[in-house]
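Right, one structure below, let's go through it.
The values are calculated or read from the model by the stated rules, or taken from the named source; none is laboratory data. Quick caveat: nothing in here was measured; it's all calculated off a predicted structure. All Cβ positions, glycine included, derive from the backbone under ideal geometry; neighbour counts span all protein chains shown.
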Amino acid sequence: MQSMKKISILVFSLLLGFFSKGNAPIFNIDTSNENTLYEMLHLFQSGLKFDIFQKALIGWHKLYEAHQLANPTIISIIDYSQSSNNKRLYIIDLMHQKVLFNTYVAHGKNTGAEFASNFSNEPNSLKTSLGFYITAAPIMSSKHGEALLINGVEKGFNDNAANREIIIHAANYVCEQWIHTYGMLGRSFGCPAIPPALTASIIATIKAGTCLFLYYPNDSYIKGSSLLN
């Protein structure tokens, strides 16, 4: 109970940070209590392993300390180590310690079939790019309708995202009916495509400067990421 109270105090400190003098970030999650927060969010039960959550917080914290997050209260995690038949997108409200969305998300056509395995930062690869992103502005895509721009912030891993037109968008192949019919979700051209019914609410929640982490246990990424090391 004491640990849970400590977490609440640490998270609440973000509010104080908005009114504090100077630029030093105040919002910190004590690493000794990450496990408590993980348990409070019931992430194990929904399929997200603790070490992935921990990695997401490491990168999120570095981005926050660098004043790159306009809205640090929200973190989104996509766990591409899971089957595409799993709800592997987690959108978490750190302020209120709540999982706001846990739903399906597609990977790139050339990244894999049911399971993702191949990733790329190269144009026209039709592959997903790993790493940390910062969400930008909503747009109206001529092809996909309402969508969200995301900026890759890890050089060599996802910094071509804007040039590749990687966006969060709705796709009719991201739904349970598609899984029942074809045995797995459909695949995108590299974008993290999401269910149409949730697109508007997800975009409204994570737009304009929140942290997005696309994870897979890729040795090259894990060893080379400036935000994880």
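For (1) outside any loop (DSSP other than H, G, I, E, B); (2) touching a Gly at 6+ places or on another chain (Cβ under 9 Å); (3) modelled with pLDDT under 95, each residue gets a yes or a no:
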site: Pro123; (1), (2), (3): no, no, no
site: Lys155; (1), (2), (3): no, no, no
site: Tyr173; (1), (2), (3): no, yes, no
site: His180; (1), (2), (3): yes, no, no
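Of all the residues in the stretch 31-65, those that are more than 19 Å from Tyr216 (Cβ to Cβ), among the aliphatic types (A, V, I, L, M) and not in a loop (DSSP other than H, G, I, E, B) number 3.
Assess whether Phe213 counts as being in contact with a Lys or Arg (Cβ under 8 Å, 6 or more places away or on another chain) and either in a helix (DSSP H, G or I) or closer than 20 Å to Ser76 by Cβ (or both). In short, yes.
Which ones in the stretch 78-95 are under 13 Å from Ile202 (Cα atoms) and β-branched (Val, Ile, Thr)? Residues satisfying the conditions are Ile91, Ile92. Number of residues in the stretch 77-106 that are part of a loop (DSSP other than H, G, I, E, B), among the aliphatic types (A, V, I, L, M) and surrounded by fewer than 18 Cβ atoms within 10 Å (Cβ to Cβ) equals 1. Among the residues of the stretch 38-60, at least one is among the aromatic types (Phe, Trp, Tyr), buried (at least 20 other Cβ atoms within 10 Å of the Cβ), closer than 28 Å to Leu185 by Cβ and modelled with pLDDT of 95 or more.
For (1) under 25 Å from Leu63 (Cβ atoms); (2) of a type outside the set (Lys, Arg), each residue gets a yes or a no:
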site	(1), (2)
Leu148	yes, yes
Asn151	yes, yes
Arg164	yes, no
Ala170	no, yes
Ile179	no, yes
Tyr182	no, yes
Gly186	no, yes
Pro195	no, yes
Ile202	yes, yes
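Can we say Phe115 is of a type in the set (Phe, Trp, Tyr), at pLDDT 95 or above and surrounded by fewer than 20 Cβ atoms within 10 Å (Cβ to Cβ)?
It is true that Phe115 is of a type in the set (Phe, Trp, Tyr), at pLDDT 95 or above and surrounded by fewer than 20 Cβ atoms within 10 Å (Cβ to Cβ).
How about the stretch 182-200: which of its residues are assigned to a helix (DSSP H, G or I) and touching a residue at least 60 places away in the same chain (Cβ under 8 Å)? Before the answer, list the steps.
To start, the set of residues in the stretch 182-200 that are assigned to a helix (DSSP H, G or I) comprises 182, 196-200.
Listed by number, the list holds a single entry, Leu198.
Out of Ile139, Ile150, I need the residue that is within 22 Å of Ile77 (Cβ to Cβ) and part of a strand (DSSP E or B). Which one? Steps first, answer last, please.
On the way: Ile139 fails: within 22 Å of Ile77 (Cβ to Cβ).
Exactly one of Ile139, Ile150 is within 22 Å of Ile77 (Cβ to Cβ) and part of a strand (DSSP E or B), namely Ile150.
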